[in-house]
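Comments concern the structure below.
The values are calculated or read from the model by the stated rules, or taken from the named source; none is laboratory data. Nothing here was measured: the structure is a model prediction, and the numbers come from that model. Neighbour counts are summed over all protein chains in view; Cβ atoms, including those assigned to glycine, are modelled from backbone coordinates with ideal geometry.
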Amino acid sequence: MYHPGMMSITSEHPDINRRVATLLSEEAELDFARFSVDDAWSVGSRLRQTAVDDGHAVTISIILGTQRVFHAATSGVAAVNDAWLERKLRVVEHYAASTLRVRYEFLERGEDFARDSLLDRRTHVAAGGAFPLRVQGTLVGGIGVSGLEMHKDHDLVVEALRAHAANT
């Protein structure tokens, strides 16, 4: 929330509007005609292999509806990554948006997600790395990564979804 004497976040970071527009564009681009359990396996497996090849320690999870249909980790992660991932995926479910977009939309308004969302910070976090899975505009689940810096988590997910879209 903006307080007198405090510079607004948008004046400190004029690129926030562009970031939000880019994130909205990614979400529109990655709206699938279909996304099944087999698609989740394909995307999740590709994502894990990319992480292994690049030496990234991450946890990966894909949810369709209320069912976890893919979960994997690479060497070097811990249970805390699972907890972060659960918190991120709850934000995707609540807002039907990527966690990075939710984070930047709060910043765009001069707000802080943890303070201003009214969601329990023990169960929800707007740190990049979780992304909505949509079929013809309808939210059907979410995919997330935890273990890297939040922008890198986000980019890893987007790259895997783009690769899947290119092959379907």
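Worth pointing out:
- In the condition set (1) under 21 Å from residue 74 (Cβ atoms); (2) out of contact with any strand residue (DSSP E or B) (no Cβ under 8 Å at 6 or more places or on another chain), residue 154 is compliant with all but (2).
- Looking across the stretch 32-71, the residues that are assigned to a strand (DSSP E or B), touching a Gly at 6+ places or on another chain (Cβ under 6 Å) and among the aliphatic types (A, V, I, L, M) come down to 60, 62, 63, 64.
- Qualifying positions in the stretch 62-114 - touching a Phe, Trp or Tyr at 6+ places or on another chain (Cβ under 7 Å), of a type outside the set (A, V, I, L, M) and surrounded by 15 or more Cβ atoms within 10 Å (Cβ to Cβ): 70, 98, 103, 106, 110, 113
- For first residues located in the stretch 86-98 and without any contact (Cβ under 8 Å) to a residue 60 or more places away in the chain, partners that are part of a helix (DSSP H, G or I) and among the hydroxyl-bearing types (Ser, Thr, Tyr) and lie 6+ apart or on another chain with Cβ distances below 6 Å form the pairs 88/99; 91/99.
Per-residue answers, yes or no, for (1) at pLDDT 95 or above; (2) within 10 Å of the chain's Cα centre (by Cα); (3) assigned to a loop (DSSP other than H, G, I, E, B):
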{"residue": "106", "(1), (2), (3)": "yes, no, no"}
{"residue": "124", "(1), (2), (3)": "yes, no, yes"}
{"residue": "144", "(1), (2), (3)": "yes, yes, no"}
{"residue": "148", "(1), (2), (3)": "yes, no, yes"}
{"residue": "158", "(1), (2), (3)": "yes, yes, no"}
{"residue": "165", "(1), (2), (3)": "yes, no, no"}
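- Among (1) outside any loop (DSSP other than H, G, I, E, B); (2) under 23 Å from residue 66 (Cβ atoms); (3) not hydrophobic (A, V, I, L, M, F, W, C), the one test that residue 120 misses: (1)
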